[in-house]
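First comes the structure, then the notes that go with it.
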Amino acid sequence: MKIVDARVIVTCPGRNFVTLKITTDDGVTGLGDATLNGRELAVASYLRDHVAPLLIGRDPARIEDTWNYLYRGAYWRRGPVTMTAIAAVDTALWDIKGKVAGLPVYQLLGGRSRDGVTVYGHANGETVAEVLDEVARYTELGYKAVRVQCGVPGLPVTYGVSQDKMFYEPAAARRPVEATWSSEKYLRMVPELFAATRDRFGPDLHLLHDVHHRLTPIEAARLGASLEEYAPFWIEDPVPAELQEGFRLIRQHTTTPIAVGEVFNSIWDCQQLITEQLIDYIRATVVHAGGITHLRRIFDLAALYHVRTGSHGATDLSPVCMSAALHVDIAVPNFGIQEYMRHTELTDEVFPHGYRFADGYLHPGEEPGLGVEIDEKLAARYPYDPAYLPVNRLLDGSMHHW
Ligand code: GCO
Ligand code: MG
């Protein structure tokens with residue numbers, strides 16, 4: 001079998017998605033997500049101009065060899081653009097392998113380790129009362145885990161809070177929206193949010209929170225300590241993770257579990273945090289961490305150090321990535337939880353898929369391969385529309401971390 005076509009499809013059914021479609025000489029097709037939020041066309045060009053021509057004529061069954069051909073062979077290793085492009089190829093080849101074998105991809109990864117994939121939703125609101133109403137919507141749908149994000153009193157625009165609620169979408173403007181930040185105000189708000197949520201929903205609901213790289217290690221340590229009595233499932237990205245030894249400081253002061261990794265691209269980004277046991281959950285996922293092949297390596301390393309998985313699953317990862325993530329999640333022994341931000345109905349129509357939500361769990365479906373397709377006619381009706389994530393400034397105007 002040979003690859004005869006590798007095509008990049010860019011579509012914007014409400015938000016931009018980049019998809020790689022690989023076709024074999026037998027007519028089997030495979031899909032890979034290549035979406036890098038706010039930098040979509042860089043990956044589209046990397047694939048179209050530099051990778052697709054190399055794929056023609058290759059044996060699609062040689063997934064490992066193709067991965068190394070693109071990783072070792074490029075000379076310029078790692079980085080979000082390269083690793084997203086490699087991920088798209090890798091994911092499409094796993095899809096093809098599953099279709100050729102007549103098996104869902106999770107069967108090729110060792111079969112089920114669990115009955116369903118526990119997911120968390122993103123409950124956001126301007127006020128604590130609004131967030132609690134959102135949490136209630138999730139619990140009514142059967143969610144066992146919810147991430148709570150609230151506006152900060154005194155800050156006009158806060159990250160993680162949107163008008164869209166269930167279909168939260170942070171990248172919405174032609175130029176980045178300017179959000180504001182104050183760690184002092186934020187650190188006062190979060191314990192109040194957790195206290196009110198526990199009070200209304202009791203001890204069983206898993207509560208998560210995304211700090212979005214905003215704090216210093218000692219501030220994060222204080223936040224973690226102030227939340228311990230509410231038993232959070234995790235706090236996510238408490239500090240920017242370039243300085244990984246900084247997490248030692250957090251660990252010295254709090255037992256609140258830490259989740260990191262949605263912007264990581266390779267096992268080398270994860271290595272120190274995992275091997276020093278500085279985190280509890282690794283948030284890398286298929287599209288930005290080199291595909292199924294590489295993500296499994298990261299998860300296997302994590303398993304040695306009691307680190308569980310908690311993959312990113314925001315709306316800017318397409319249903320192709322979500323589908324691939326679920327096949328990995330259902331198979332790996334050290335699965336923790338999966339983020340699940342719902343796509344809009346239109347996105348689901350462009351990417352018909354077999355995975356289903358029921359009673360707090362996602363189920364990957366039994367179709368051969370990844371169980372996701374792209375309706376190219378419909379996709380073509382929604383051309384690329386540039387959109388940016390917000391930027392973030394302190395109250396004195398200094399640029400802060402997004
Ligand atoms: C999350 C994320 C997102 C990101 C977005 C960036 O945990 O869901 O932090 O909201 O900001 O995916 O592209
Ligand atoms: Mg996050």
Original post:
How many residues, within region 116-128, are within 20 Å of Asp204 (Cα to Cα) and either assigned to a helix (DSSP H, G or I) or among the charged types (D, E, K, R) (or both)?
Top reply: 1
Subject >> Matching residues, region 264-314, being within 14 Å of the chain's Cα centre (by Cα), aromatic (Phe, Trp, Tyr) and closer than 23 Å to Arg72 by Cβ >> reply: Phe264
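Listed residues Ala88, Ala74; which is away from ligand 2 (no atom under 16 Å from the Cβ), outside the structural domain of Ile292 (by TED's automatic domain parsing) and at pLDDT below 95?
Working: Ala88 fails: at pLDDT below 95.
Going through Ala88, Ala74 in turn, the sole match is Ala74.
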Original post:
When Glu219 is evaluated against the numbered criteria (1) within 15 Å of His400 (Cβ to Cβ); (2) more than 16 Å from ligand 2 (Cβ to nearest atom); (3) touching a residue at least 40 places away in the same chain (Cβ under 8 Å), which criterion, by number, is the only one it fails?
Top reply: (3)
Subject >> Residues of region 142-164 classified as in contact (Cβ under 8 Å) with a residue 24 or more places away in the chain and more than 14 Å from ligand 1 (Cβ to nearest atom), total >> reply: 11
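Table: residues versus (1) open to solvent by 40 Å² or more (accessible area, probe 1.4 Å); (2) under 16 Å from Ser311 (Cα atoms); (3) modelled with pLDDT of 95 or more.
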residue	(1), (2), (3)
Asp204	yes, no, yes
Gly246	no, no, yes
Trp268	yes, no, yes
Ile274	no, yes, yes
Ala289	no, yes, yes
**OP:** Please list, ordered by first then second residue, the pairs with beta carbon atoms under 8 Å, 6 or more apart or interchain, first in region 255-275 and under 13 Å from Arg297 (Cα atoms), second aromatic (Phe, Trp, Tyr) and more than 15 Å from ligand 2 (Cβ to nearest atom).
**Re:** Ile274/Tyr305
**OP:** Looking at (1) open to solvent by 10 Å² or more (accessible area, probe 1.4 Å); (2) within 16 Å of ligand 2 (Cβ to nearest atom), find the lone condition where Asn392 falls short.
**Re:** (1)
**OP:** Kindly check whether there is at least one residue in region 98-119 that is open to solvent by less than 70 Å² (accessible area, probe 1.4 Å) and farther than 30 Å from Ile292 by Cα.
**Re:** no
Subject >> Residue that is away from ligand 1 (no atom under 13 Å from the Cβ), under 19 Å from Tyr120 (Cβ atoms) and of a type in the set (Ser, Thr, Tyr), where the choices are Thr293, Thr256, Thr285 >> reply: Thr256
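What's the total number of residues in region 296-337 that are among the acidic types (Asp, Glu), assigned to a helix (DSSP H, G or I) and either in contact (Cβ under 8 Å) with a residue 40 or more places away in the chain or within 16 Å of ligand 2 (Cβ to nearest atom) (or both)?
1
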Original post:
What are the pairs, 6+ residues apart or on separate chains, where a residue within region 227-244 that is closer than 19 Å to Gln271 by Cβ has its Cβ under 6 Å from a residue that is open to solvent by 10 Å² or more (accessible area, probe 1.4 Å) and part of a loop (DSSP other than H, G, I, E, B)?
Top reply: Asp237/His212; Asp237/His213; Pro240/His213; Pro240/His401
Original post:
Restricting to region 312-330, what's the tally of residues that are more than 10 Å from ligand 1 (Cβ to nearest atom) and touching a Phe, Trp or Tyr at 6+ places or on another chain (Cβ under 9 Å)?
Top reply: 11
**OP:** Identify, from the list Tyr186, Tyr168, the residue that is touching a residue at least 24 places away in the same chain (Cβ under 8 Å), within 22 Å of the chain's Cα centre (by Cα) and surrounded by 15 or more Cβ atoms within 10 Å (Cβ to Cβ).
**Re:** Tyr168
Subject >> Filter pass, Arg308 being touching a His at 6+ places or on another chain (Cβ under 8 Å), assigned by TED's automatic domain parsing to the domain that holds Met166 and at pLDDT 95 or above >> reply: no
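The values are calculated or read from the model by the stated rules, or taken from the named source; none is laboratory data. Small disclaimer: the values here were computed from a predicted structure and weren't measured. Cβ coordinates were reconstructed from backbone atoms using ideal geometry, including for glycine residues, and neighbour counts include every protein chain displayed. SASA here: full protein model, heavy atoms, side chains in, ligands and nucleic acids out. Shrake-Rupley method; radii C 1.70, N 1.55, O 1.52, S 1.80 Å.
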